[in-house]
């Protein structure tokens, strides 16, 4: 069998196995897998460098299936490589199987979760950036995408960023099969339309017949020879290739072929070819992350320091101790204060410009390579990248994010710049950690703690100065809280976080002068929440009042309420939050207008205490 014949037969085998597993499962994307089978066959047999026995080999190439719905193709390729059995292939889409409908890192050879289209290339850019600027290793990043996802804006953020960074270690394989879910794609088989766009972003472009193994092989070799820019291989393919009942026909997307047995016969029957994927050359061992032991910045009690400043200074300090820590920002580093890290560690700072999706995707890619990324921008703008964060959580990614300019407390900039939904957004992510510090020493300690955390970690910081209330040696554990006012006569508990802690303390002092004792809890860990302290406060004071610079939905109030979902009686709960649309005003005016300042807290407490007294009488 000649090389071309072998590659053609391997492509057919991948089609057959895609048909078989989707037919057995009764669901799945057979036709999208069939169009790209020859592209995958040539890549596996001729160009990918990967040690399947050592998935974390630092020299391994990275293969990202951006069109994650074509997972049968990927699983069929793994079977051909000898790491999946045919028996496991037939567990596709069943309970407990590693072979999910869209690939996730439950399989050790999958770097990231895909399936929300438009994310594979942006993440691939992050891995390629790590290869060029951090690892300085010769591995290559191969991303396979579909033509439908080329309508996603995130893809063109990635095209621009990769072109600007001249990532010659990145190759995008675009499966242009003309058909999307409901019909033809925007440009169909007009490869020139895609080529013009890619060329404008500084990419090398190769157009090819995606079903000609020799031509595909030549295209990949051409990509490997380009040393000054990324390459996109635009491959014209046929959706459902090889089976007449579905080939290039609308209405067949996302379904098994109608008669799997007949389709397998039409494709020439089942095969059992093995592909020997070449292993990468030996390389140095990857770096190992370690705990933070550095001297963090120290602030004196009574000083006024913005928590964003403390974050930036602490991040720079962590970077001194941890050479695995990298920082990414979206052109606001002078505001988020990640500029402090950039000034001290320029080789590990990445300017992503105003492209929040690519920024988060780059961080996801870098953590694949063992780096510890910190992503910084305004809290409000992280909402643009929410789907990337959602998919990062599905993919078991580990990264830290800091959202500055949170809440109405930012003042005159107005509501478009105010992060008022960020706590809810991050709390909703699976396995996430959400932190809202109120002073500089607390911020510094929690920034360091995030470097050692897992999953998606979020730190909320403020714009204006806040009084330092904790000493520099105070400890803050994730999942903890601090009780700042407490007595045996407490009539109510005020629960606050961030800027509202200072308002709560002022309110507590004013109430104490009038003879009303209240407890004050700084609930800086919004997720996981300190349920024990909250339950104790509820039992001893009977009522909790939450006050937050955030919308009432999904924030601090809901986090507190969640502590009482174990079946025991819940206390009376009062919420103060931002439930109106703010405008432009000073910080003090904003807090007053929103009804979350000390005066509003005092009024709410007095009303509650009065109501309880009247009821008791």
Quiz item: Considering only segment 551-592, how many residues are touching a residue at least 60 places away in the same chain (Cβ under 8 Å) and assigned to a loop (DSSP other than H, G, I, E, B)?
Solution: 11
Quiz prompt | Residue in segment 560-574 that is surrounded by 24 or more Cβ atoms within 10 Å (Cβ to Cβ) and not assigned by TED's automatic domain parsing to the domain that holds residue 430 present | solution = yes
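For every residue, the table says whether it meets (1) crowded, with 20+ Cβ neighbours inside 10 Å; (2) touching a residue at least 40 places away in the same chain (Cβ under 8 Å); (3) closer than 12 Å to residue 443 by Cβ; (4) within 24 Å of the chain's Cα centre (by Cα).
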| position | (1), (2), (3), (4) |
| --- | --- |
| 304 | no, yes, no, no |
| 321 | no, no, no, no |
| 354 | no, no, no, yes |
| 357 | yes, yes, no, yes |
Exercise. For residue 84, state whether it is buried (at least 16 other Cβ atoms within 10 Å of the Cβ) and under 22 Å from the mean Cα position of the chain (by Cα).
Key: no
Exercise. Taking residue 154 as the residue in question, decide whether it is touching a residue at least 60 places away in the same chain (Cβ under 8 Å) and surrounded by fewer than 23 Cβ atoms within 10 Å (Cβ to Cβ).
Key: no
Quiz prompt | Breaking point among (1) under 23 Å from the mean Cα position of the chain (by Cα); (2) under 21 Å from residue 41 (Cβ atoms); (3) surrounded by fewer than 23 Cβ atoms within 10 Å (Cβ to Cβ), for residue 105 | solution = (2)
Self-check item: Odd one out for residue 199, checked against (1) in the same structural domain as residue 57 (by TED's automatic domain parsing); (2) surrounded by fewer than 20 Cβ atoms within 10 Å (Cβ to Cβ); (3) in contact (Cβ under 8 Å) with a residue 24 or more places away in the chain
Solution: (3)
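Quick grid of which residues meet (1) part of a strand (DSSP E or B); (2) surrounded by 17 or more Cβ atoms within 10 Å (Cβ to Cβ):
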residue: 233; (1), (2): yes, yes
residue: 244; (1), (2): no, no
residue: 253; (1), (2): no, yes
residue: 261; (1), (2): no, no
residue: 265; (1), (2): no, no
Quiz item: Yes or no: residue 375 under 25 Å from residue 65 (Cβ atoms), crowded, with 24+ Cβ neighbours inside 10 Å, touching a residue at least 40 places away in the same chain (Cβ under 8 Å) and in contact with a strand residue (DSSP E or B) (Cβ under 7 Å, 6 or more places away or on another chain)?
Solution: yes
Exercise. Could you tell me which of the residues 484, 459 is part of a strand (DSSP E or B), in contact (Cβ under 8 Å) with a residue 24 or more places away in the chain, over 22 Å from the mean Cα position of the chain (by Cα) and at negative phi?
Key: 484
Practice problem: Check residue 179 against each of (1) buried (at least 24 other Cβ atoms within 10 Å of the Cβ); (2) closer than 19 Å to residue 63 by Cα and name the one condition it does not meet. | Solution: (2)
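For segment 495-515, check the following and say yes or no: at least one residue is part of a strand (DSSP E or B), outside the structural domain of residue 417 (by TED's automatic domain parsing) and under 15 Å from residue 604 (Cβ atoms).
yes
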Quiz item: When you scan segment 49-78, how many residues do you find that are under 14 Å from residue 281 (Cβ atoms) and touching a strand residue (DSSP E or B) at 6+ places or on another chain (Cβ under 6 Å)?
Solution: 2
Quiz item: Of the residues that make up segment 486-493, is at least one in contact with a strand residue (DSSP E or B) (Cβ under 6 Å, 6 or more places away or on another chain), under 27 Å from residue 380 (Cα atoms) and surrounded by 15 or more Cβ atoms within 10 Å (Cβ to Cβ)?
Solution: no
Exercise. Hey, can you tell me all the residues within segment 93-118 that are over 19 Å from residue 144 (Cβ atoms) and touching a helix residue (DSSP H, G or I) at 6+ places or on another chain (Cβ under 6 Å)?
Key: 93
Quiz item: Inside segment 530-556, can you point out the residues that are surrounded by fewer than 24 Cβ atoms within 10 Å (Cβ to Cβ), under 20 Å from residue 407 (Cβ atoms) and either modelled with pLDDT under 95 or in contact with a strand residue (DSSP E or B) (Cβ under 9 Å, 6 or more places away or on another chain) (or both)?
Solution: 552
Quiz prompt | Candidates 407, 411, 395, 370, filtered to the one that is out of contact with any strand residue (DSSP E or B) (no Cβ under 6 Å at 6 or more places or on another chain), under 16 Å from residue 462 (Cβ atoms) and surrounded by fewer than 24 Cβ atoms within 10 Å (Cβ to Cβ) | solution = 411
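The values are calculated or read from the model by the stated rules, or taken from the named source; none is laboratory data. As the structure is a computational prediction, the values presented were derived from the model and not from experiment. Cβ coordinates were reconstructed from backbone atoms using ideal geometry, including for glycine residues, and neighbour counts include every protein chain displayed.
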